[in-house]
Amino acid sequence: MAKKEPLVRYCRFWVDGRTYSGKIRDNSVDIVEGDPFTGFSPIRLSYPIDRVKFLPPFMPKKIWCVGRNYLGHVKELNNEVPKEPLIFMKSISAIIGANDFIRIPEWAGRIDYEGELAVIIGKAGHNIKEEDALSHVLGYSIMNDVTARELQNSDGQWTRAKSFDTFAPFGPAVLITDKMPEDAVISTTLNGKTVQEASFSQMIFPIPRLISHISRFATLEPGDVIASGTPQGVGPMKVGDLVEVNIEGIGSIRNICAN
C-alpha cells in the first residue's frame, strides 16, 4: 500500500527581514509561492522552524464566532443551552500571530482565554445545505477568542468585549483539509497547566451545521473564518501569563500577556 502523504500545513512567516509563504514539514518550513486560496507551488528553500517568526496565515475577511457551543462551557457560565447556533462577530483588527503580545487593558476587568477551532472558508456560498457544507471548507486553524468577560456581561452585545486589539491570536498554520476528525482534541494551557481539553465531538452544533446556519443570512466568502466555540475551562489571564492553544494535527499558538 502506498504511503499516505501528510496533510499540508500552510503558513506565513518572517525570517531574515523578509515575509514568506510556506508549509510546515517536521522541524522545518519550506517556502512556497502563492497562497491556499489561489494555489501554491514549492520552492527549493527551507528554514529551521526555530529560526522563523510565524505570522497570521492570512488576514480574514470576516470573523464569525459561535458562542456556547460546548455543553461544559454553557454550564460553567450558568447559561442556557442555545436552541440554534449563537453567532456574533469579532473585529479583524484584533488579529495577531504566534508569540505576539496579548495586551491586557487594566480598566476592562477580567480578561479570559478561549481556545477554539477556526474553520477557514475556501468557496463562497449562500443557503448552503448541511450535507454540502464541508465542500466550502479550505482548512482549519486555531484562534484564541480572548474576551473581556465583565464587559461582555454588562454590554449585552459582545462586540466590544471581543474586539480589543490583540484579542484574536490566529495561526500558526492552516491545515488544508475539508474535515477535522471528531476525536481530535483541542487543549489550552496557562503557564504550562492544562485548563481546557475537549474533542470536537463534544460540540453542540457541529461544523456543517454552523456553516449552513450562517449562510442562511449572510454569504460566506473565501477568507471568512468561523471560530467554532470554546470548551469548558475558560478563565482569567494577567500580565506575564503565557497562554497556549493546541489542536492535534494543526499545531499550537502561544502568546504572552502584556500591558
- Query: Taking only the alpha carbons of region 128-259, what extent do you get along each of the three principal axes, in Å, biggest first?
  - Reply: 44, 34, 24
- Query: Of Val239, Ala118, Ile226, whose Cα points farthest to the positive end of the dipole of region 63-258 (charges on the beta-carbon: +1 Lys, Arg; -1 Asp, Glu; origin at the Cα centre)?
  - Reply: Val239
- Over 32 Å between alpha carbons, listed pairs Lys83/Lys162; Lys179/Lys238; Lys23/Lys83: Lys179/Lys238; Lys23/Lys83
- Note on the structure: Placing each pseudo-label 7 Å from Cα in the direction of the beta carbon, Phe101 and Lys61 end up separated by a distance in nanometres of 3.4 nm
- Measuring from centroid to centroid over Cα atoms, what is the spacing of region 3-39 and region 86-143 in Å? 21 Å
- Query: What nm distance separates the two modelled labels at Arg160 and Glu76, each placed 7 Å from Cα along Cα→Cβ?
  - Reply: 2.6 nm
- Query: Semi-axes of the chain's equivalent ellipsoid from the Cα gyration tensor, sqrt of 5 times each eigenvalue, largest first, rounded to whole Å?
  - Reply: 28, 23, 17
- Could you name the aspartates and glutamates whose alpha carbon sits less than 15 Å from that of Lys53, not counting residues in the same chain fewer than 8 places away? Asp16, Asp30, Asp100
- Task: Can you tell me the dipole magnitude for region 63-258 around its Cα centre, using point charges on the Cβ only (Lys, Arg +1; Asp, Glu -1), in Debye to the nearest 20?
- Result: 280 debye
- Message: Quick one: 3J(HN,Hα) in Hz for region 233-249, Karplus 6.51/-1.76/1.60 with θ = phi - 60°, rounded, Gly and Pro as x.
- Response: x, 4, x, x, 10, 9, 4, x, 6, 10, 10, 9, 10, 10, 10, 3, x
- Item | Karplus-derived HN-Hα couplings along region 81-86 (A = 6.51, B = -1.76, C = 1.60, θ = phi - 60°), whole Hz, x at Gly and Pro | 5, x, 7, 8, x, 9
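Read the figures in this text as sums done on the coordinates, not as results from a lab. Treat the numbers as computed from the prediction; the structure is a model and nothing was measured. Note: ideal-geometry Cβ built from the backbone for every residue, glycine included; neighbour counts use all protein chains shown.
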